[in-house]
1. Please compute the volume of the convex hull spanned by the alpha-carbon atoms of the chain and report it per residue in Å³.
2. Given the rule -39500 (n - 2.57) for each run of at least 4 DSSP H residues, summed and divided by the residues of the chain, what is its mean residue ellipticity at 222 nm, to the nearest 500 deg cm²/dmol?
3. Please find, in a Gaussian network model of the chain (springs between Cα atoms separated by less than 10 Å), the residue of Asn27, Asn13, Asn72 whose mean-square fluctuation is greatest.
4. Sort Thr85, Thr24 from largest to smallest accessible area, using a 1.4 Å probe on the heavy atoms of the protein chains.
5. Out of the total accessible area of the chain (probe 1.4 Å, heavy atoms of protein only), what percent is carbon and sulfur?
6. Given the options Glu51, Glu75, Glu17, which has the most mean-square fluctuation in a GNM of the chain, springs set between C-alpha atoms less than 10 angstrom apart?
7. Calculate, in nm to one decimal, what Lys68 and Arg80 gain on full extension: separation in residues at 0.36 nm each, minus their alpha carbon distance.
8. Among Ala12, Ala67, Ala43, which one shows the highest mean-square fluctuation when the chain is modelled as a Gaussian network with alpha-carbon springs under 10 Å?
Amino acid sequence: MARAFTPKVVTANALLEGDAVWLTEDNRWTRHIHEAELITDEAHGDLRLLEAQARVDEIAGAYLADAKSGENGPEPTHFRETFRTRGPSNYHHGKQAG
């Protein structure tokens, strides 16, 4: 039996900076998951992922990540995605410096 589709967001890494980015409903890449489009339909999710993967001049490694609806927008449901919202971890810079 197939598992039920759970809400997702399209995420990737910005090609030049390497930051985690999320796809918004109006086709922008944002560095804030709460601005991302929360996808609740599997077919729509597949389409949005294909559209994102075609943007090879902007991002790398696009995939669908589990998310849930939160008070201010989508929130991660897995520790990996929570970790990605905090910025690169290889040294103290970017979002981690603040």
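The values are calculated or read from the model by the stated rules, or taken from the named source; none is laboratory data. Because the structure is predicted, anything quoted here is derived from the model rather than measured. Please note that ligands, DNA and RNA were not included when accessible areas were found on the heavy atoms of the full protein model with its side chains. Shrake-Rupley method; radii C 1.70, N 1.55, O 1.52, S 1.80 Å.
1. 111 Å³
2. Theoretical 222 nm ellipticity from helices: -5000 deg cm²/dmol.
3. Asn72
4. Sorted by accessible area, descending: Thr85, Thr24.
5. Here it works out to 53 percent.
6. Glu17
7. Computed gain between Lys68 and Arg80 is 2.9 nm.
8. Largest GNM mean-square fluctuation: Ala43.
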